[in-house]
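To start, the structure itself, in structure tokens.
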Amino acid sequence: MLNRLTVSVLLVFILLSNLQAQRKLGEATFRHIETIAADTFEGRRAGSTGGYAAANYITKILADHDVKPAGDGSYFQLFTKVYPNCRNIFGIISGSDPELSKQLIAVGAHYDHVGFGKNRNSGPIHNGADDNASGTATVLELVKHFSKNKNRLKRSLLVCFWDSEEQGLIGSKHWMENPTVDVSRIVFKVNIDMVGRLDGDTLELQGHRSVHGLKPIMNQLNEGINIKLDYVWTMVANSDHWPFINQKIPGFMFHTGLHKEYHKPEDDPETIDIEGLEKVGLLARRFITHLGTAESTPRFREESLTEKMPRP
């Protein structure tokens, strides 16, 4: 029989092991940001050389973890809208359950940024460490986690990396009009956009009203992480969850909020809150695990698109 001292030592060991694992998650996510938001990527404007370099970095990680391509015959979906030669990126991590694996949980982030800002070909580089290297990096770590056999979900994951979000959600809108998989298979959309600046503040869950019963699920999953969650009432077309909501697919966005470096050259890796980044990544991991293993997924709230904010 274990004595109290032994039990106490084991509990401390487990706690320290969990903390170390979380730190590793934050550091691993940050290393992606350092790469994607480096000057050599020139701000990742949609369709640019830097954007292509970022896309190649992403697809190498997908290939290294045996994620199946889900674009147009490859990981890519090419399109030309505001800028030429843009590329969305898609992969599937197959679920383990013969029936539930037919369903898809879409998890995505936009990887483009604004390049040199108003000057298209020269000037200060806008590296977009938070916007949205932070979301891209978080999704990449989710890919690494869920592609391991021991973490495989019952439902399948569709991982999405959107191009040309900065020009008005062009990439995600284009895909909804020209999908590379059957959209009817998608049961939920998790969007991760700007999650690198928690700094002890709140994590916004934008679009949460599109989902029945989300709050108690998130509050329970947040136990032990203890992020302050802000269930934002307003639902606006401000990121790539919106085209899915418009198609009555439930979903929402993780977002740590705007800041004074937003769309400025100063949005660099040194401004990232690594501890907050790992907390958001852990909460996203828990939530996606819940979605991927639960008997059913939360339903779409039809009234979310028309209801008015209650008066105080």
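Summary of values
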quantity	calculated
Subset of the stretch 25-80 that is more than 19 Å from the chain's Cα centre (by Cα) and of a type in the set (A, V, I, L, M) - its residue that is farthest from ILE105 (Cα to Cα)	ALA38
Check on TYR52, touching a Ser or Thr at 6+ places or on another chain (Cβ under 7 Å) and assigned to a helix (DSSP H, G or I)	no
Filtered residue count, the stretch 195-214, keeping only those that are closer than 20 Å to HIS290 by Cα, surrounded by 11 or more Cβ atoms within 10 Å (Cβ to Cβ) and either under 18 Å from the mean Cα position of the chain (by Cα) or modelled with pLDDT under 95 (or both)	10
Qualifying residue in the stretch 277-294 (condition: more than 14 Å from the chain's Cα centre (by Cα), of a type outside the set (Gly, Ala, Ser) and exposed (fewer than 14 other Cβ atoms within 10 Å of the Cβ))	no
Residue in the stretch 141-169 that is nearest to ARG45 (Cα to Cα), counting only those that are out of contact with any strand residue (DSSP E or B) (no Cβ under 9 Å at 6 or more places or on another chain) and not in a loop (DSSP other than H, G, I, E, B)	GLU141
Qualifying positions in the stretch 246-267 - of a type in the set (Phe, Trp, Tyr) and surrounded by 16 or more Cβ atoms within 10 Å (Cβ to Cβ)	PHE252, PHE254
Pair list, Cβ < 9 Å and 6+ apart or interchain, from the stretch 289-312 residues that are among the basic types (Lys, Arg) to residues that are not in a loop (DSSP other than H, G, I, E, B)	ARG299/VAL211; ARG301/ARG209; ARG301/SER210; ARG301/VAL211
Qualifying residue in the stretch 113-136 (condition: closer than 18 Å to HIS259 by Cβ and of a type in the set (D, E, K, R))	yes
For PHE188: the one exception among (1) surrounded by fewer than 21 Cβ atoms within 10 Å (Cβ to Cβ); (2) hydrophobic (A, V, I, L, M, F, W, C); (3) more than 28 Å from ARG45 (Cβ to Cβ)	(1)
Wholly within the stretch 170-258, helices (runs of 4 or more DSSP H) carrying at least 1 residues that are over 26 Å from GLU278 (Cβ atoms)	170-177, 242-246
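The values are calculated or read from the model by the stated rules, or taken from the named source; none is laboratory data. The shown structure was predicted, so the numbers you read here are calculated from the model rather than taken from an experiment. Positions of Cβ are backbone-derived with ideal geometry, glycine not excepted, and every protein chain shown enters the neighbour counts.
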